[in-house]
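In what follows, a single structure is set out as structure tokens and then discussed.
Read the figures in this text as sums done on the coordinates, not as results from a lab. Just so it is clear, the model here is predicted, and its values are computed rather than measured. All Cβ positions, glycine included, derive from the backbone under ideal geometry; neighbour counts span all protein chains shown.
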Amino acid sequence: MYPELGQMALILALLLASLLAVVPLVGSVTGREQLQAFSRPLSAGLFVFVALAFALLTHAFLTDDFSVAYVANNSNSMLPWYYKFSAVWGGHEGSLLLWILMLVGWTLAVAVFSRRLPTVMVSQVLSVMGMVTVGFLLFTILTSNPFDRILPNVPADGADLNPLLQDFGLIIHPPMLYMGYVGFSVAFAFAIAALINGRLDAAWARWSRPWTTVAWSFLSLGIALGSWWAYYELGWGGWWFWDPVENASLLPWLSGTALMHSLAVTEKRGVFKSWTVLLAIVTFSLSLLGTFLVRSGVLTSVHAFASDPERGTFLLILLAITIVSSLTLYAFRAPVVHVRARYAGLSREVFLLLNNVLLVASTLLVLLGTIYPLVLDYLDMGRLSIGEPFFNLTFSPLAVAAGLLLGAGIFSRWKKTDGGWLGRKLLWPLAASTLVTALVMVGYGEFKPWAFVGTFSASWVVIATFWDLWEKSGSRKGRLYGLKRQSRSYYGMVLGHLGMAIVMAGATIASNYGIERDVRMSPGDTAQVGDYKAVFVETGNRRGANFTAEYGRFEILDSEGDLVSVQMPEKRQYLVQRNVMTEAGIDAGLFRDIFIAVGERVAEDAWAIRLQYKPLVRWLWLGAIFMAAGGFLAISDRRYRIRDKVRDTDVPVPSGSKAGKPAEAAS
Amino acid sequence: MHPVRKKRLTIVLFLLIGLSIAVALTTYALRQNINLFYDPSQIAAGEAPVDVRIRAGGMVQEDSVIRDPESLKVEFKVTDFTSSVLVEYTGILPDLFAEGQGVVAMGRLDGEGRFMADQVLAKHDENYMPPEVNDALEKAASLRAAESTGAAESSTGY
């Protein structure tokens with residue numbers, strides 16, 4: 001009976017979403033406040049019913065209700081309970097429901113944390129969110145119902161979750177990623193609302209800024225988790241493959257980064273308004289495109305589930321409606337906006353403009369490389385693939401350029417910056433980062449052009465960031481006082497930029513100085529990888545909850561011959577789907593990973609073994625954590641809180657007060 | 001020149017420069033990195049270029065996998081059941097690589113019709129068939145069917 005309740009809840013949610021999409025919007029256009037007042041209760045109701053549906057699906061998984069087709073296809077009674085839980089979003093239907101849960105969660109958050117916004121704005125924003133929700137609920141109910149039953153022949157047991165997905169990474173990767181993807185719908189809704197009532201001003205930018213930042217932070221974490229998971233579970237030590245599905249998540253991240261920066265300019269200086277709106281539309285459209293690419297089955301990868309042409313068509317129509325209608329609105333309304341503020345040819349505005357140019361250029365490159373083969377295939381013009389070298393070759397220079405620009409841009413001033421002054425400012429950071437880069441090259445013992453440029457760019461960003469912090473925190477009352485006086489959003493920016501530098505350093509060093517060896521080894525053999533020695537001691541067998549495994553025991557010795565660690569990489573055979581999975585042994589460290597994976601058995605007593613030495617590979621994910629932390633710190637800035645407080649109590653808040661709810665809307 | 005126009009001009013110039021660099025890089029990179037797919041019949045017929053990085057795919061022929069006893073070198077035949085091509089690869093094969101499974105290999109053809117692979121992909125799901133391989137198999141099968149039904153029908157062909 002529970003699944004039917006879930007189905008009912010979804011249908012009720014669809015009704016509420018339809019009301020939300022229409023009623024407050026009509027109210028805002030006709031100026032009837034009673035209708036606008038419906039927006040918040042409708043958002044709350046919508047959330048309750050979607051959450052109920054999600055809870056019921058989870059219940060079906062935890063109680064092994066294999067009469068539900070989706071459960072039967074993605075779970076098994078032998079599955080540990082936490083994987084049963086994460087299996088809820090292990091397939092197409094459930095992950096779509098998670099998407100919708102996130103969407104209505106964001107809608108609810110907007111409803112709750114927007115008390116200070118004008119009612120007209122809130123009702124329009126929530127209406128737009130409602131429209132998006134209608135689209136996705138229709139998609140779920142019509143093409144991918146998670147509550148479909150297999151009656152009367154209920155299977156005795158489920159077909160099990162794909163073993164690749166039975167992993168801690170999968171428990172958290174999709175929710176994080178979706179939080180980010182879907183979070184951009186808020187920025188989109190704000191942009192559309194602003195276009196509808198022609199109110200594109202600094203206030204609008206300030207309202208949509210924290211939402212964009214939160215979404216971006218979650219997306220950063222989601223992408224990093226995906227990369228981490230690929231590294232230890234899927235990729236034999238690779239951490240980014242330029243796989244179309246990865247690109248699908250990178251695209252909104254890139255344009256979202258551009259959006260975040262252009263919003264800053266719009267808030268502070270009131271320029272780039274139409275551009276910012278366009279970016280908000282593009283970013284959400286790219287999120288939808290990503291969903292389309294991953295869910296429609298036009299791509300094949302771990303993420304693509306059973307493909308169904310009907311679903312692809314539906315999503316494509318949804319995408320087309322979103323893009324066409326919002327761009328039409330944009331075309332009619334954006335010219336209304338006039339810009340009065342002035343800025344010089346060299347100013348912070350121009351630096352941020354260039355930042356946007358680079359980010360949009362890289363978005364377009366990745367988009368081209370991702371879509372081109374699909375389009376050609378669709379037009380029947382041949383099957384081709386665009387390899388990793390294309391992306392590496394085109395993306396790397398843009399990333400390096402963005403880093404160099406960022407280092408210089410940190411020192412620039414709004415309105416006008418003197419070129420000579422800026423040049424003199426940059427001399428010391430330039431010298432310092434050249435020195436650091438040279439030391440790194442010497443440390444790794446080999447000069448490589450790409451390693452040099454990447455390392456230089458990364459250290460340039462770090463040094464310029466700290467240099468700027470040092471200068472800004474100078475105060476007669478002492479350094480500590482000066483440091484305390486900086487705003488949280490400034491520290492957020494510092495963390496974000498450091499995060500980017502850390503990722504860049506990690507990517508550069510790991511790909512230039514990493515060592516990878518595939519060797520044939522028998523127990524007793526020793527192989528060298530970098531400065532380390534791997535000794536294959538013995539093999540053995542063990543049994544897990546739903547798999548049997550054959551493992552190899554390896555001792556890793558350093559150049560002195562001391563034991564560093566013991567790793568037991570294994571080959572697992574899952575009992576239900578009979579899949580063989582490789583589970584790597586990784587000795588992780590801040591400065592290097594040693595990675596051992598067992599390949600196939602090549603002879604009676606010999607195995608193919610992959611040994612890898614990965615310097616700084618952890619920095620890739622560490623940097624993403626920095627970025628996300630920076631984002632969350634930035635939105636806790638006082639200027640977002642004080643307004644709240646003032647409105648609530650009508651009493652000015654003392655400047656040192658830490659009271660008041662930070663804009664933790666997303667949680 | 002008017003300062004506002006001058007500013008606009010700089011912005012437009014920047015955009016143009018950025019755009020042209022991007023276009024130049026892209027076309028260059030694309031030309032180098034497009035990997036076309038060929039099926040075993042096309043390779044056997046000599047349609048595939050020699051010493052250019054391409055992709056080839058089909059089913060791994062039964063009893064064709066030969067491993068070198070000393071190293072990780074392995075040889076196998078990839079077939080679409082009409083023709084087959086010999087693939088040579090050194091390294092670790094994917095978990096789902098097996099005789100009778102569909103694979104896609106990246107690499108170059110040498111002058112003697114051997115395919116020197118630097119990457120072999122077999123997908124994560126045992127029921128999954130790479131779409132290229134599926135197409136190639138269907139094409140080969142329909143060709144064989146057309147041949148066996150004789151010339152009478154081929155005149156009515158498309």
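What the table shows:
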item	result
Fully extended contour minus Cα-Cα distance, from A:Asn392 to A:Glu550, at 0.36 nm per residue	53.2 nm
Amide hydrogen neighbours beyond the local backbone of A:Val529, cut-off 5 Å, H modeled	A:Ala534
Burial ordering of A:Lys484, A:Lys416, B:Lys77, fewest other beta-carbon atoms within 10 Å first	A:Lys484, A:Lys416, B:Lys77
Relative contact order of chain A, defined on C-alpha pairs under 8 angstrom at six or more residues apart (%)	11 percent
Helical mean residue ellipticity (222 nm; -39500 (n - 2.57) per DSSP H run of 4+; nearest 500) of chain A	-21500 deg cm²/dmol
Relative exposure of A:Glu233, B:Glu88, judged by other C-beta atoms within 10 Å (fewest first)	B:Glu88, A:Glu233
Positive dipole terminus of the protein assembly as shown, leading residue within B:Pro40, A:Ala549, B:Val23 (C-beta point charges)	B:Val23
Cα→Cβ-extended label distance, 7 Å offset, between A:Gln486 and A:Phe332, nm	4.7 nm
Violating pairs (Cα-Cα greater than 30 angstrom) within the set B:Lys77/B:Lys139; A:Lys416/A:Lys448; A:Lys268/A:Lys448; A:Lys533/B:Lys77; A:Lys84/A:Lys533; A:Lys533/A:Lys571	A:Lys416/A:Lys448; A:Lys268/A:Lys448; A:Lys533/B:Lys77; A:Lys84/A:Lys533
Amide H partners (placed H, <5 Å) of A:Val602, local residues excluded	A:Trp607, A:Ala608
Zone residues, segment A:1-34, relative to A:His59, backbone N less than 14 Å from point 7 Å out along Cα-to-Cβ	A:1-10
Segment B:Gln119-B:Arg144, length gained on full extension (0.36 nm per residue, minus Cα span)	6.0 nm
Given charges at beta-carbon only (K, R positive; D, E negative), |dipole| of segment A:1-144 in Debye	540 debye
Positive-end residue of A:Ser43, A:Ser86, A:Thr143, charge dipole of segment A:1-160 with Cβ unit charges	A:Ser43
Residues B:Asp135 and B:Gln101, FRET efficiency given R0 of 25 Å [Cβ-Cβ distance, rounded to 0.05]	0.90
Size of electric dipole in chain A: Cβ of Lys, Arg +1 and of Asp, Glu -1, about Cα centre, debye, nearest 20	3980 debye
DSSP H segments from chain A that extend 27 Å or more along their own axis, Cα-based, with Kyte-Doolittle mean of 1.6 or above	A:2-30, A:39-62, A:92-112, A:119-143, A:168-196
Segment A:515-618, dipole about Cα centre (Lys/Arg Cβ +1, Asp/Glu Cβ -1), debye to the nearest 20	500 debye
Proxy reagent accessibility, fewest Cβ within 10 Å first, across A:Ser18, A:Ser457	A:Ser18, A:Ser457
Whole-angstrom gap from segment A:411-465 to segment A:527-569, using each part's C-alpha centre	41 Å
Cα gyration tensor shape of chain A, rounded if a/c is under 1.5, else prolate or oblate by comparing a/b with b/c	oblate
Percent of Cα-Cα distances greater than 20 Å, calculated over segment A:451-572	66 percent
